[in-house]
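FYI, it's all coordinate maths here, none of it is from the lab. Predicted model, so just to flag it, every value in this text is computed and none were measured. Don't worry about glycine lacking a Cβ; one is built from the backbone with ideal geometry, like all the others, and counts go over all protein chains shown.
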Amino acid sequence: MKKYSTEHEWTILDGHTASIGLSAYAVEQLGDITFVELPEIGTEIAKDDSIAFIESVKAASDVYTPVGGEVVEVNEELEDTPELLNQAAETTWIYKLKVSDASEFDTLMDEAAYTAYTETL
């Protein structure tokens with residue numbers, strides 16, 4: 001199941017590993033993405049902390065982690081082709097974490113709640 005944060009990141013939890021990317025709403029707001037700064041593998045991060053950085057033709061933005069843990073994998077394709085996020089935001093993950101507290105996943109919004117949330121912005 002995919003869940004969303006108020007900072008517009010999505011998360012899919014598979015066992016103790018979370019795949020994290022940007023929502024289609026966030027990508028639409030950013031416009032054409034031109035650069036993605038990926039986190040370092042092995043980085044320990046707490047929920048809601050900034051972990052990556054994205055630049056687009058419209059803006060520059062931090063990526064916040066919706067759950068805490070240790071970075072175990074990054075999507076290196078994004079270094080050369082950041083526009084993958086524009087082409088498939090909801091399926092292109094940015095990084096994966098070994099989650100330190102799986103209950104944090106339960107605090108995120110499901111798709112219906114997230115859609116309702118974005119309609120208030």
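A few comments on the model shown:
- Within the stretch 39-54, considering residues that are in contact (Cβ under 8 Å) with a residue 24 or more places away in the chain and assigned to a strand (DSSP E or B), the one farthest from the chain's Cα centre (by Cα): 44
- Considering the conditions (1) among the small types (Gly, Ala, Ser); (2) under 12 Å from residue 85 (Cα atoms); (3) under 11 Å from the mean Cα position of the chain (by Cα), residue 31 is excluded by exactly one of them, (3).
- Residue match in the stretch 15-27 (condition: surrounded by fewer than 13 Cβ atoms within 10 Å (Cβ to Cβ), among the polar types (S, T, N, Q) and under 23 Å from residue 1 (Cβ atoms)): no
- When 71, 36, 27 are checked against the criterion of being in contact with a helix residue (DSSP H, G or I) (Cβ under 8 Å, 6 or more places away or on another chain), of a type in the set (Val, Ile, Thr) and outside any helix (DSSP H, G or I), 36 stands alone in meeting it.
- Among residues of the stretch 81-99 that are in contact (Cβ under 8 Å) with a residue 12 or more places away in the chain and farther than 25 Å from residue 45 by Cα, those with a Cβ under 7 angstrom from a residue that is surrounded by 20 or more Cβ atoms within 10 Å (Cβ to Cβ) and of a type in the set (A, V, I, L, M, F, W, C), sequence gap 6+ or separate chain, pair up as 83/33; 86/27; 86/33.
Yes/no matrix, rows are residues, columns are (1) of a type outside the set (D, E, K, R); (2) in contact with a strand residue (DSSP E or B) (Cβ under 6 Å, 6 or more places away or on another chain); (3) surrounded by 13 or more Cβ atoms within 10 Å (Cβ to Cβ):
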{"residue": "42", "(1), (2), (3)": "yes, no, no"}
{"residue": "59", "(1), (2), (3)": "yes, no, no"}
{"residue": "66", "(1), (2), (3)": "yes, yes, yes"}
{"residue": "71", "(1), (2), (3)": "yes, yes, yes"}
{"residue": "75", "(1), (2), (3)": "yes, no, yes"}
{"residue": "84", "(1), (2), (3)": "yes, no, yes"}
{"residue": "94", "(1), (2), (3)": "yes, yes, yes"}
{"residue": "112", "(1), (2), (3)": "yes, no, no"}
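- Residue match in the stretch 38-47 (condition: within 19 Å of residue 115 (Cα to Cα) and β-branched (Val, Ile, Thr)): no
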